[in-house]
Amino acid sequence: MAGITRTKVARFGRIDILVNSAGNFFAGFFEELNPEQVRHQIETLLFGPMNVTRAVLPVMRKQRAGLLVAISSTAGIAGQMFCTAYAAAKFGIEGWMESLTPELAAFGIRTMLVEPGFFRTELLSNDSTTYAQPTVDDYAERTKEIVAAWKSMDGKRSGDPAKLAKALVTLVGLKEPPVRFAAGTDAVQTFEAKAKTLLAQARAHGELSASLAHDDA
């Protein structure tokens, strides 16, 4: 990876923007996803971007400028059934980038998380999606329903990748790119629903939460 980075710098002189967008999808109920599948999911979606970013950061620090863009997902904002491995990796992306942002701000390096909803990509195609092998009878009926529903969505989702690409070109050109971008109407709805849920959960046991300090504090 470091060798590739040196080659790019030698050719272009600098690296202004890094976009981490590699993806695949291991879908299924957690009990039916084997450890190797979960590990592969996290290697691709989390450790892959980390490795690429680690190689690029020395260049951006030297420049005192740069933008790190990570393609996350609404699954990194709100978990859902059949997405345990995928959501674990995307939630990891969210926490990693949030924590990286203040570490790099002093060097003029910015970050931007992009959370797409459902876009008409190849993510649900046979080449990109691996479904867990059914092994637990209790999940069998729901597995059939979910797999059939998702396969029927392939090539029919509302989001247009070309429009998202144009939107990202606009955003990265801003003097102050957003630290998060909800990509699509469904993504905005996910953000709003999660914010509402978190606020309700924070307030649900507020008195008990406030009672946990030492008495002399």
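The values are calculated or read from the model by the stated rules, or taken from the named source; none is laboratory data. Because the structure is a prediction, the values reported are computed rather than measured. Here the Cβ is made from the backbone with ideal geometry for all residues, glycine too, and neighbour counts use every protein chain on show. Note: accessible area is taken over every heavy atom of the protein model, side chains too, but ligands, DNA and RNA are not part of it. Shrake-Rupley method; radii C 1.70, N 1.55, O 1.52, S 1.80 Å.
Some points to look at:
- Candidate set from the range 141-154 (those that are modelled with pLDDT of 90 or more and surrounded by 13 or more Cβ atoms within 10 Å (Cβ to Cβ)); member that is farthest from G117 (Cα to Cα): T143
- Conditions (1) over 19 Å from A22 (Cα atoms); (2) modelled with pLDDT under 95: number failed by D160: (1)
- The range 96-123: number of residues that are open to solvent by less than 20 Å² (accessible area, probe 1.4 Å) and among the charged types (D, E, K, R): 1
- I93 fulfils the conditions (1) touching a strand residue (DSSP E or B) at 6+ places or on another chain (Cβ under 6 Å); (2) open to solvent by 10 Å² or more (accessible area, probe 1.4 Å); (3) assigned to a helix (DSSP H, G or I) except for a single criterion, (2).
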